[in-house]
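Enquirer: Got a structure here, written out as structure tokens. Questions coming.
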Amino acid sequence: MTNKQVHTILTYCIALVWIINGLFCKILNFVPRHRQIISEILGDDYAQIFTRLIGFSEVVMALWILSKFKHRLNATIQIAIVGLMNILEFILVPELLLWGKLNSLFAFIFILVVYLNEFYLNKKIKNQI
């Protein structure tokens, strides 16, 4: 498999993670734990609207990834958002996380995949041209 093919597959997989988390887990509320986390952090009065807003933002992130517009900025923002979100959840609501504090490991792996896909593989592809 070529670097370009791996990069393309990873890009679609990363976008899929954002779509699943945004649309299915938050907007459609298939995973109520996400609303519980937001409720615990921001209060129950704001949980539903903020859960949907965050879900909508995640779907927009997926579309931005697929558009490839300012892809390096996009990757940087993804890394910052996932890092910050997981630090907050680790500190404030570890008991509500699917794998508890181990969620941080999965967040780190996702951050690493985003980083390697954009700043390593994509750079390698551009150098081959």
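The values are calculated or read from the model by the stated rules, or taken from the named source; none is laboratory data. These figures come from a predicted structure and were not determined experimentally. Don't worry about glycine lacking a Cβ; one is built from the backbone with ideal geometry, like all the others, and counts go over all protein chains shown. To get the accessible areas, we keep the full protein, side chains included, count just its heavy atoms, and leave off ligands, DNA and RNA. Shrake-Rupley method; radii C 1.70, N 1.55, O 1.52, S 1.80 Å.
Enquirer: In degrees, nearest 10, range 0 to 90: what is the angle between the Cα axis of helix 44-67 and the longest Cα principal axis of the chain?
Expert: With rounding to tens, the tilt is 10 degrees.
Enquirer: If you fit an axis through the alpha-carbon atoms of helix 103-115 and take the longest principal axis of the Cα set of the chain, what angle between them do you get, 0 to 90°, nearest 10?
Expert: Between the helix axis and the principal axis of the chain, the angle is about 30 degrees.
Enquirer: Given a Förster radius of 41 Å and the C-beta distance between Asn29 and Val6 as r, what FRET efficiency does 1/(1 + (r/R0)^6) yield to the nearest 0.05?
Expert: Plugging the Cβ-Cβ distance into 1/(1 + (r/R0)^6) gives 0.75.
Enquirer: Suppose each label sits 7 Å from its Cα in the direction of the beta carbon; what would the Tyr46-Phe106 distance come out to in nanometres?
Expert: 2.6
Enquirer: Past 22 Å, Cα to Cα, is the threshold; run Lys101/Lys123; Lys70/Lys101; Lys26/Lys68; Lys68/Lys126 against it and keep the listed order.
Expert: Violating the 22 Å Cα-Cα cut-off are Lys101/Lys123; Lys70/Lys101; Lys26/Lys68.
Enquirer: Which loop trypsin sites (Lys or Arg not before Pro) in segment 13-76, with loop taken from DSSP, have no more than 16 other Cβ atoms within 10 angstrom of their Cβ?
Expert: Within segment 13-76, the qualifying trypsin sites (Lys or Arg not before Pro) (loop, at most 16 other Cβ atoms within 10 Å) are Lys68, Lys70.
Enquirer: Then there is this: Within segment 43-63, list the residues whose amide N lies under 18 Å from a label point set 7 Å along Cα→Cβ of Leu88.
Expert: 43-62
Enquirer: Heads up, I need the accessible area for Glu95: 1.4 angstrom probe, whole protein in place, Å², nearest 10.
Expert: Approximately 120 Å² for this residue.
Enquirer: How large is the accessible surface per residue of segment 45-129, computed with a 1.4 Å probe and reported in Å² as a whole number?
Expert: It amounts to 66 Å² per residue over segment 45-129.
Enquirer: Going by Cα centres, segment 32-84 and segment 3-20 are how many Å apart?
Expert: 18
Enquirer: Right, here's the next one. How tilted is helix 3-19 with respect to the longest principal axis of the chain? Cα atoms for both, answer in degrees (0 to 90, nearest 10).
Expert: 20
Enquirer: Of Tyr46, Leu66, Val93, which is farthest along the charge dipole of the chain in the positive direction, counting Lys and Arg as +1 and Asp and Glu as -1 at C-beta?
Expert: The listed residue farthest towards the positive side: Leu66.
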